[in-house]
Amino acid sequence: MKDAFGLPQSLLVLGGTSEIALATARRMIARRTRTVWLAGRPTPALEDAAEQLRALGAQVHTVAFDALDTESHEWVLGKVFAEGDIDLVLMAFGVLGDQAQDEREPLAAVRVAQTNYTGAVSAGLICARALQAQGHGSLVVLSSVAGERARRANFIYGSSKAGLDTFAQGLGDALHGTGAHVMVVRPGFVRSRMTAGMAEAPLATTPEAVATAIELGLRRRSETVWVPGTLRVVMSALRHMPRPLFRRLPM
Amino acid sequence: MPADTVSVTGWGRTAPTNARVIRPRTYEEAAAAVRGCGTRGGIPRGLGRAYGDAAQNAGGAVIDMTALDRVHAIDADGGTVLCDAGVSLHCLMQVLLPLGWFVPVTPGTRHVTVGGAIGADIHGKNHHVSGAFSRHVLSFELLTADGEIRTVSRGTPLFDATAGGMGLTGLILTATLQLLPVETSLMSVDTERAADLDDVMDRLTATDHRYRYSVAWIDLLARGAATGRAVLTRGDHAPLDTLRAGTRAYRDPLAFRPARLPSPPALFPEGLLTRRSVGLFNEFWYRKAPRARAGELQSISAFFHPLDGVPHWNRVYGRGGFVQYQFVVGHGQEEALRRIVERISQRRCPSFLAVLKRFGDADPGWLSFPVPGWTLALDIPARLPGLGAFLDELDEEVAAAGGRVYLAKDSRLRPELLAAMYPRVADFRALRAEADPRGVFTSDLSRRLGL
């Protein structure tokens, strides 16, 4: 059960090697979380992540989960929820892709879209139903500012996150009043493995800062969280900028 | 999922979860509710005054007992009453005061049910004299997980598990209580100010035995030499001969007419309770109190239940809700109490409902909260940054001093500390495992703490 401050005792991470997710898990374990399920592709990296969290004192299980294999989601996630209540589901899987290459190879672009969007729709609906049945719990969805307005430089990734973001918002409304809660987290540029070697955007942040924002959002039962918070104002302005001007922005 | 689930919280309005709320009107309906509560179980709920998640059950059933509200029999000579568990102390006062009887123990609100009073084994300002509520319960009828109705008397394991058992042993259907005789419905109250924590502890230690009721409001925002300054209000039921002839009170000495103010709006703005505003309030409240005044006549509601005058007063904390923190440390642990008060005062928690009391002897309930010593209760807005970690630190201090926190107010205790605070929790779990192996009685509290 979550406590008065929204801190979970059990955590399910979809995308178990995500740096943001692991930073969040570390933070939660330091407070109340005792049981962690790391769902992801069965790789040594997933086992390493589990080992790191075990060292912090949590009971950690790994589960083989592939966002692209939507047929298996029902079964894989169903098994996790059958083991006991999950107070917090963190949907953290996603791929950035390579914009230039994806434009040349539509199949690669489709893979980005399927991982980030279709996979999330499937897993999101299954988790939502389970949370609704247990009458409590939060689903935290890692979206991105890239989904807020299409940019030349990453619109394939951006469009998948736009779809995910809209889906998660709607799901939050659908679950309103059922005891389950959906929180959409929109980080800006996060310094991590995923963005290694890329030119840093303004207002760049870290996985730890996103984790802090998630903890605060859970306490406030927020529905949308921007990281850093100033991005909310910045993106609100950018959203209304005329296209010809927006195209010329150096970003 | 049936659409008839509703969001349920405790009085502190934190951590809402959804449940089917069932309101039985007869014992048969109550039995049917227990039989049909499904895999996620059920938990009885009274008037929802527990601050945390004790009367919530996410995804399961919450059995609202307030429709079972009949007073069956009153023995006006011997001073006992047999009533349903859903009867409120407010209702009992209305019925009993005209007959010259009063409830044996009342907490800071009279809007609690008899079932809830047993389940939380509540205490009042008279704990140092009269003990907790269960001391005055002669017997009760309990609907257990197997569907049986058992008559449970004092001195049995089931009685001791249920007194303070947070509703997890079954549904209390009726209870027989021993009452307190009174001559009037007024209180004779002595008020005095104490300049700091040592002063208030000295005064409570030296003269508490002279009063049936005793409590100190404590200013936790005062710092420096004034840390822990307090206003003591102590008293007893006024005997008839203290009333002046010819007054209204004299003509109708047992009248009970509590006044009620309008409630705050449902969407009360958040953030009005700041260090500054609460600090000003506390300063005013301290200075308003007379340095020393004896024998003032107060109504029962003014003395025991001032907050009941404002329905839904919990709304003043806004949508973020609030956390009540109440702990007790034994006699001889005054240093621990002093350290905790200093930490709270240094931290500047905006708390205006902080109360210090000296407890008397403990009662046998396995999870009953009061033990002899010092108890401090305070309320804090849940949105205060870093509050969770701060209260965890206080828990460690309390546990190290052999103390405990009150489960009826808890919404955030670290489960690992429970066994240290309540040594008999193992017995409680064993009794539950035997009497209720499928976990028919389950609450968010029991899930969170593994009760």
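The values are calculated or read from the model by the stated rules, or taken from the named source; none is laboratory data. Note that the structure is predicted; figures quoted are calculated from it, not measured. Methodologically, a virtual Cβ is constructed for each residue, glycine included, from the backbone with ideal geometry; neighbour enumeration extends over all protein chains shown.
Okay, here's what the table says:
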{"item": "Cβ-Cβ under 6 Å pairs, at least 6 apart or on other chains, region B:299-323 side within 14 Å of chain A (Cβ to nearest Cβ), far side in a helix (DSSP H, G or I) and polar (S, T, N, Q)", "result": "none"}
{"item": "Scan of region B:384-404 for residues that are of a type in the set (A, V, I, L, M) and either in a helix (DSSP H, G or I) or over 23 Å from the mean Cα position of the chain (by Cα) (or both), ordered by number", "result": "B:384, B:387, B:389, B:391, B:394, B:398, B:399, B:400"}
{"item": "One residue from B:340, B:380, B:344 being outside the structural domain of residue B:119 (by TED's automatic domain parsing) and touching a Cys at 6+ places or on another chain (Cβ under 7 Å)", "result": "B:380"}
{"item": "Test: residue in region B:8-17 that is of a type outside the set (Gly, Ala, Ser), outside any helix (DSSP H, G or I), within 10 Å of chain A (Cβ to nearest Cβ) and in contact with a His (Cβ under 7 Å, 6 or more places away or on another chain)", "result": "yes"}
{"item": "Residue in region A:128-146 that is farthest from residue A:175 (Cα to Cα), counting only those that are away from chain B (no Cβ under 14 Å) and not β-branched (Val, Ile, Thr)", "result": "A:146"}
{"item": "Output for region A:207-240, where each listed residue is touching a residue at least 60 places away in the same chain (Cβ under 8 Å) and over 17 Å from residue A:141 (Cα atoms)", "result": "A:231, A:235, A:238, A:239"}
{"item": "Residue in region A:40-53 that is assigned to a strand (DSSP E or B), within 18 Å of the chain's Cα centre (by Cα) and within 15 Å of residue A:88 (Cβ to Cβ) present", "result": "no"}
{"item": "Subset of region A:16-48 (residues that are under 25 Å from residue B:388 (Cβ atoms) and of a type in the set (Gly, Ala, Ser))", "result": "A:18, A:21, A:23, A:25, A:30"}
{"item": "Unique match (being modelled with pLDDT of 95 or more, surrounded by fewer than 24 Cβ atoms within 10 Å (Cβ to Cβ) and touching a strand residue (DSSP E or B) at 6+ places or on another chain (Cβ under 9 Å)) among A:34, A:26", "result": "A:34"}
{"item": "Single match in A:93, A:81 (criterion: touching a residue at least 24 places away in the same chain (Cβ under 8 Å), among the aromatic types (Phe, Trp, Tyr) and surrounded by fewer than 22 Cβ atoms within 10 Å (Cβ to Cβ))", "result": "A:81"}
{"item": "Hits in region B:369-428 - residues which are in contact (Cβ under 8 Å) with a residue 24 or more places away in the chain, within 11 Å of chain A (Cβ to nearest Cβ) and among the charged types (D, E, K, R)", "result": "B:383, B:409, B:410, B:412"}
{"item": "Any hit, region B:112-121, residues being within 28 Å of residue B:21 (Cβ to Cβ), hydroxyl-bearing (Ser, Thr, Tyr) and surrounded by fewer than 24 Cβ atoms within 10 Å (Cβ to Cβ)", "result": "no"}
{"item": "Index of the failed condition, residue A:215 passing every other in (1) assigned to a helix (DSSP H, G or I); (2) within 14 Å of another protein chain (Cβ to nearest Cβ); (3) in contact with a helix residue (DSSP H, G or I) (Cβ under 8 Å, 6 or more places away or on another chain); (4) under 30 Å from residue B:38 (Cβ atoms)", "result": "(4)"}
{"item": "Residue within region B:67-79 that is touching a residue at least 24 places away in the same chain (Cβ under 8 Å), part of a helix (DSSP H, G or I) and closer than 30 Å to residue A:135 by Cα present", "result": "yes"}
{"item": "Boolean, residue B:103 is of a type outside the set (Asp, Glu) and surrounded by fewer than 19 Cβ atoms within 10 Å (Cβ to Cβ)", "result": "no"}
{"item": "Subset of region A:140-164 that is outside any loop (DSSP other than H, G, I, E, B) and of a type in the set (D, E, K, R) - its residue that is surrounded by the most Cβ atoms within 10 Å (Cβ to Cβ)", "result": "A:161"}
{"item": "Some residue of region A:7-15 being buried (at least 24 other Cβ atoms within 10 Å of the Cβ), among the β-branched types (Val, Ile, Thr), away from chain B (no Cβ under 14 Å) and farther than 26 Å from residue B:390 by Cα", "result": "yes"}
{"item": "Residue match in region B:214-221 (condition: surrounded by 16 or more Cβ atoms within 10 Å (Cβ to Cβ), touching a His at 6+ places or on another chain (Cβ under 8 Å), hydroxyl-bearing (Ser, Thr, Tyr) and at pLDDT 95 or above)", "result": "yes"}
{"item": "Residue within region B:8-25 that is closer than 23 Å to residue B:94 by Cα and not assigned by TED's automatic domain parsing to the domain that holds residue B:95 present", "result": "yes"}
{"item": "Matching option when the condition is part of a helix (DSSP H, G or I), within 25 Å of residue B:419 (Cα to Cα) and among the basic types (Lys, Arg), among B:358, B:287, B:338", "result": "B:338"}
{"item": "From the options A:67, A:21, residue that is aliphatic (A, V, I, L, M), crowded, with 17+ Cβ neighbours inside 10 Å and either in a loop (DSSP other than H, G, I, E, B) or within 14 Å of another protein chain (Cβ to nearest Cβ) (or both)", "result": "A:67"}
{"item": "Number of positions in region B:379-401 that are surrounded by fewer than 23 Cβ atoms within 10 Å (Cβ to Cβ) and within 18 Å of residue B:201 (Cβ to Cβ)", "result": "2"}
{"item": "Yes/no for residue B:176 being assigned to a helix (DSSP H, G or I), among the polar types (S, T, N, Q) and more than 19 Å from residue B:254 (Cβ to Cβ)", "result": "no"}
{"item": "Residue count, region B:18-38 (criterion: at pLDDT below 95 and either closer than 22 Å to residue A:3 by Cβ or within 12 Å of chain A (Cβ to nearest Cβ) (or both))", "result": "1"}
{"item": "Qualifying positions in region B:18-55 - more than 20 Å from residue B:88 (Cβ to Cβ) and in contact with a His (Cβ under 9 Å, 6 or more places away or on another chain)", "result": "B:18"}
{"item": "Matching residues, region B:2-55, being of a type in the set (Asp, Glu), more than 14 Å from residue B:445 (Cα to Cα) and in contact (Cβ under 8 Å) with a residue 12 or more places away in the chain", "result": "B:4"}
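Residues checked against (1) under 17 Å from residue A:146 (Cα atoms); (2) part of a helix (DSSP H, G or I):
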site	(1), (2)
A:166	yes, yes
A:173	no, yes
A:208	no, yes
A:229	yes, no
A:246	yes, yes
A:251	yes, no
